[in-house]
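Heads up, the thing below is written out as structure tokens.
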Amino acid sequence: MLVFDTLPSTNTYIKENIGNLEDKSIVIADKQIAGKGRLGNSWLCDDENGMLAMSLLIKNPLQPHRLTVVAAVAVSRAIEKLTGQQAYIKWTNDIICENKKICGILCESAIKGDSLFYVICGIGINISQPQSFFDNNNLPNGASLKSLYGKSYAKIQLAELVVENIISAMNESFENILACYKEKCCTLGKYVKFIRNNKEVTAYAKDINSDGMLICEADGNEFTVSAGEVRVRSVSGDYI
Ligand code: BTN
């Protein structure tokens, strides 16, 4: 486990040092100054290092496109084990406790040379930021484990639990993992809206397919929505 005081981003660190890092390397930074979120967003960190910013390098995974689903299930399980509270998944991979986002996951993959394929699984878990951090940074859907449950959890212990759960989930049948994902997924069974081809679409979120895509229905037509495509909100305008 490589632990740094400050990095631009743990995902970027792995990308830039890929040649020197072994499979399952873990990189943690107390503070990220250029943290990356999904869909090109930035991922903010507070001044008191209240977030666990970690990345796990997985070299040559068997099913790289399924790792986002695997990681979401594994991280939610780790959080449940640590806190004893239920953790849900908002499609694709936001981890939700008490209707608030307490963790985001950014899986990035690449090919090096001809064939070496790797996935960097970047995980940001809000451990102890005060509610004022989310309020002051216009993050109304965010919360930390401490702001929700009043308890402080140790970063490294949580990181270890997360990695342990990812590795064991990678060895579990994908059928099981997908079933678990669907059980925890708070997007399913709701009407959601998103922007597609510059148009707002409202659709019923029916299911998740084996590639982790959201199966939706609108006007009698069924279609799939991929993770990189849209930001899904419920029709009520609520985050969940
Ligand atoms: C999201 O947009 O929800 C995904 C956020 C992922 C943030 C984590 S923090 C550790 C890793 N390093 C990054 O730069 N991003 C991910």
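When both residues are 6+ apart or on different chains and their Cβ atoms are under 8 Å apart, which pairs have a first residue that lies in the stretch 5-16 and is closer than 15 Å to Leu44 by Cβ and more than 9 Å from the ligand (Cβ to nearest atom), and a second that is at pLDDT 95 or above and not β-branched (Val, Ile, Thr)? Qualifying pairs under 8 Å: Thr6/Ala29; Thr6/Asp30; Thr6/Lys31; Thr6/Gln32. Residues being surrounded by fewer than 17 Cβ atoms within 10 Å (Cβ to Cβ) and farther than 25 Å from Ile14 by Cβ are entirely absent from the stretch 64-76.
Out of Ile18, Ile26, Ile14, one residue alone is surrounded by 14 or more Cβ atoms within 10 Å (Cβ to Cβ) and at pLDDT below 95. It is Ile18. Of the residues making up the stretch 173-203, those that are without any contact (Cβ under 8 Å) to a residue 12 or more places away in the chain, at negative phi and in a loop (DSSP other than H, G, I, E, B) number 1.
Matching residues to (1) over 21 Å from Lys24 (Cβ atoms); (2) in contact with a His (Cβ under 6 Å, 6 or more places away or on another chain); (3) in contact (Cβ under 8 Å) with a residue 24 or more places away in the chain; (4) more than 11 Å from the ligand (Cβ to nearest atom):
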position	(1), (2), (3), (4)
Met54	no, no, yes, no
Ala71	no, no, yes, no
Lys81	no, no, yes, yes
Gln85	yes, no, yes, yes
Leu106	no, no, yes, no
Phe117	no, no, yes, yes
Cys121	no, no, yes, no
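Just to be sure, is Asn41 within 12 Å of the ligand (Cβ to nearest atom), polar (S, T, N, Q) and either in contact with a His (Cβ under 8 Å, 6 or more places away or on another chain) or free of Cβ contacts under 8 Å to residues at least 24 places away in the same chain (or both)? Yes: the conditions hold for Asn41. Where strands (runs of 3 or more DSSP E) fall entirely within the stretch 43-147, those with at least 2 residues that are under 17 Å from the mean Cα position of the chain (by Cα) and closer than 22 Å to Val192 by Cα are at 88-90, 94-97, 100-112. Filtered by the rule that a residue be surrounded by 18 or more Cβ atoms within 10 Å (Cβ to Cβ) and not hydrophobic (A, V, I, L, M, F, W, C), the stretch 39-48 gives a lone residue, Asp46.
So how many residues does the stretch 148-173 have that are over 18 Å from the mean Cα position of the chain (by Cα) and not aliphatic (A, V, I, L, M)? Going through the stretch 148-173 one residue at a time, the tally reaches 9.
The values are calculated or read from the model by the stated rules, or taken from the named source; none is laboratory data. Keep in mind that this is a model prediction, so the values were computed, not measured. Please note: Cβ atoms are built from the backbone with ideal geometry, for glycine as well, and neighbour counts cover all protein chains shown.
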